[in-house]
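The values are calculated or read from the model by the stated rules, or taken from the named source; none is laboratory data. Bear in mind that the values here come from a model prediction, so they are computed numbers and not experimental data. For neighbour counting, all protein chains shown are included, and Cβ atoms are generated from backbone atoms with ideal geometry for every residue, glycine included.
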Amino acid sequence: DAACSTQLIDGDGTFNVTGVDHFIKEVKLEECGLSYAVVSIMGPQSSGKSTLLNHLFGTNFREMDAFRGRHVLLFTTKGIWIARCAGIEPCTVVMDLEGTDGRERGEDDTAFEKQSALFALAVSDIVLINMWCHDIGREQAANKPLLQTVFQVMMRLFSPRKTTLMFVIRDKTRTPLKNLEPVLREDIQKIWDSVPKPQAHKETPLSDFFNVEVVALSSYEEKEEQFKEQVYNLRQRFFQSVAPGGLAGDRRGVVPANAFAFSAKQMWQVIKENKDLDLPAHKVMVATVRCEEIANEKFASFIANENWRELEEAVQSGPVSGFGKKLSSILQSCLSEYDTEATYFEEGVRSSKKQQLQEKLLQLVQPTFQDLLGHLRSGALENFKDAFEKALNAGEAFSSSADSCAQSCMSKFDKGCEEAVIEQAKWDTSKTREKLQRDIEAHISSVRTEKLSELTTLYQSKLNVALSGPVEALLDGANDETWPAIRKLLKREAELAVYGLSDALSGFGMDKETRNKMLTDLENYARGIVETKAKEEAGRALMRMKDRFATIFSHDSDSMPRVWTGKEDIREITKMARSASLKLLSVMAVIRLDDELDNIEKTLTLALVNSTSNNATNKSISTIDSLASSTWEQVAPEKTLITPVQCKSLWRQFKNETEYTVTQAISAQEANRRNNNWLPPPWAMLALVVLGFNEFMTLLRNPLWLLVLFVGYLVSKALWVQLNISEEFRNGALPGLLSLSTKFLPTVMNLLKKLAEEGQVPSTNTNLNSMNSSAQSEVTTNGESSSSSSSSPVRSVPIDKSA
């Protein structure tokens, strides 16, 4: 340590930054905190300052060669040198200043002298004034300019502490120190009084700025042993000098050791610029710069911290257990390191920079904290969705399961947030919690809407199945009981559906108004099904009317197909069928779900059916005119399915399309009558009697002809039956002749063969069988003729449309 020294400021006034930094590292000054002292020495050049320091503090400053004299320029101190005192605790740093009256700078050049003096007073706790004993009491003493310089520059320092001025009297004579000290103090006071002072310090005593100490040393050259002994005793006073009452006991303006180099550099820069040096402000400035440097170092150290990096990466993947404790520990470690290094700096600056460092660290880690909250929120939401779905699948009530699952997930989220919050910042997690609550409520609302939609769809489907088919069947068989039956059906099915839905909604925790609205909507939906089906069937009204007409017109009361034999009253049947179709039209004209009376059927009957006589025709005209409207009396427009005008148009189209069926029936009836009447007209019969009288008489006279005629009759009868002549000619003369021409020869051959076979039987039996066969053929012919009459096609014959 004793050998460690460096030049702090060279002779040209340049501050040796590199050398000082190296010196501080070598002597480990940064570890001292505030527990260190700075001693400097001033005095005339070649007055033995370096020699005194080397003996007093164990340093190795270059000394003057005594054999060459005090004015050898080569060996004098240039600028300011610094070294650590060997073996003195606490750490003591000593500065050796260039002499104040050196010839090499000239007698008038005092700029560097004042600058170095001001620097020594600003940096040092103890200033040694090296002076010759023979200068005490002399007006032209060598130390007088030095003291004037010290006192003058002191006025430019705004220091809160008192510096110790230790006057070291060299080459002490036989005069006792107690006699020398009063004279010296008197000289010092005179110099202090003669120095110009600012107005604020006109009456300020010297003792407010300095603690004055006086010591005397014998001549090193003449009394070396005594000199060394006195130096040793003086050295003891520098031990524990920073303790209260010590030589450097006033610590109010001390800069922490780790900022000494920076502080000294800044001081020298200000002094070189010939500015007043405000030590309190300088101390704040140094503290500000150094604390900021320390804070930046700790911030960079935190960013590079492996534990922080691992924690940050882990959060990117998902929630981290114990995040708050881990991060708090890392942050606290970083802040503690800052406190350790910045503990000796000005408290206000230190705290401010610590706060800034903490804010920077919190800004750095907050995104990771927010990411963690995002993971906690998303995880809690997913857990809620799973738990909620399981609860619903297990059959729990919707409202209770939603509340219990939400409460459980929110509790877990709150616990996760408590573990995530760090000690250094009580970050507010309420916004994330509120967002989670909104997400949960939105999911509950979504599931509720989905479930309610499913329930509604289910019961609507049931209503569709329960109402569509039956309503269609009831409207298909429209009669007076159709709408009462539909109302009864609608009431029963709607009540069942509403009861079922009401029971299903009990677990959803719905308010009464919403619940009643859903039930009302379901009732309205049921009613809408009936109305929609009624509208569909009303659109097929014409087809239904034609089907109704065809069913009644073509079938009897036993639902058997009618055979138009000529005995049926087609007019009455037509009227009955049209009345039934008109009934269907009146039933489908309006919706009757409210059991309200109307006169639609009566109006349609008067307008469209009862129009046979002139009076009825006039009446019909007036009624038909009333059908020229788009609404029915006593019926709301929204309940109208077929307007009066549409009914009139449908009826006209209906009559036109069913007229052909009536015409066919009349034609079939007339054809049947013609087929069943084989007798010739009366005039033909009278002509046969008059003109055939002679032939008749001839037959009576010759009975053989009667036999021939009888046989011819039997053969003709047999051919008639076999060939079915009446049926063949029913399709027309030419088709009948063509058909008979192809059947005649085979039929004759079969008949002759049959006669030949029967000839072998005894004639008695043959005659008897022939008579029986003829009778049976007659019966068969009558049956076939009747059947063919009912199925034969008929021509269109004009009929009375009013029928």
Margin query: Given the criteria part of a helix (DSSP H, G or I) and either touching a Ser or Thr at 6+ places or on another chain (Cβ under 6 Å) or of a type in the set (Phe, Trp, Tyr) (or both), does residue 452 qualify?
Written below: no
Next item on the list: Identify the single condition in (1) assigned by TED's automatic domain parsing to the domain that holds residue 389; (2) surrounded by 16 or more Cβ atoms within 10 Å (Cβ to Cβ); (3) charged (D, E, K, R) that residue 439 does not satisfy, given that it satisfies every other one.
Entry: (1)
Notebook entry, point to check: Does the stretch 437-471 hold any residues that are among the basic types (Lys, Arg) and at pLDDT below 90, and which are they?
Noted result: 448, 451
Margin query: Here's a check for you: in the stretch 321-359, which residue that is over 18 Å from residue 286 (Cβ atoms) and among the basic types (Lys, Arg) is surrounded by the most Cβ atoms within 10 Å (Cβ to Cβ)?
Written below: 326
Next item on the list: Say whether the condition of being within 21 Å of the chain's Cα centre (by Cα), at pLDDT 90 or above and not small (Gly, Ala, Ser) is met by at least one residue in the stretch 398-406.
Entry: yes
Next item on the list: State the number of residues belonging to the stretch 12-38 that are in a helix (DSSP H, G or I) and under 14 Å from residue 262 (Cα atoms).
Entry: 11
Check: Among the listed residues 473, 485, which satisfies the condition of being farther than 21 Å from residue 450 by Cβ and either surrounded by 14 or more Cβ atoms within 10 Å (Cβ to Cβ) or among the charged types (D, E, K, R) (or both)?
Finding: 485
Notebook entry, point to check: If you take the residues in the stretch 221-245 that are buried (at least 19 other Cβ atoms within 10 Å of the Cβ) and touching an Asp or Glu at 6+ places or on another chain (Cβ under 9 Å), which one is nearest to residue 48 (Cα to Cα)?
Noted result: 227
Item checked: Pick from the stretch 82-96, criterion touching a helix residue (DSSP H, G or I) at 6+ places or on another chain (Cβ under 6 Å) and touching a residue at least 60 places away in the same chain (Cβ under 8 Å), ranking: surrounded by the fewest Cβ atoms within 10 Å (Cβ to Cβ) -> 91
Checklist line | Flag if residue 41 is in contact with an Asp or Glu (Cβ under 7 Å, 6 or more places away or on another chain), assigned to a helix (DSSP H, G or I) and of a type in the set (A, V, I, L, M) | finding: no
Notebook entry, point to check: Of these, 442, 402, which one is touching a helix residue (DSSP H, G or I) at 6+ places or on another chain (Cβ under 7 Å) and in a helix (DSSP H, G or I)?
Noted result: 402
Item checked: Filtered residues of the stretch 278-318 (kept if free of Cβ contacts under 8 Å to residues at least 12 places away in the same chain and either outside any helix (DSSP H, G or I) or assigned by TED's automatic domain parsing to the domain that holds residue 121 (or both)) -> 304
Next item on the list: Quick one: which residue in 500, 509 is on the phi > 0 side of the Ramachandran plot and touching a residue at least 12 places away in the same chain (Cβ under 8 Å)?
Entry: 509
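Restricting attention to the stretch 360-384, report how many residues are basic (Lys, Arg) and surrounded by fewer than 17 Cβ atoms within 10 Å (Cβ to Cβ).
Qualifying residue count for the region: 1.
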Notebook entry, point to check: Within the stretch 332-346, how many residues are touching a residue at least 40 places away in the same chain (Cβ under 8 Å), touching a helix residue (DSSP H, G or I) at 6+ places or on another chain (Cβ under 6 Å) and among the hydrophobic types (A, V, I, L, M, F, W, C)?
Noted result: 2
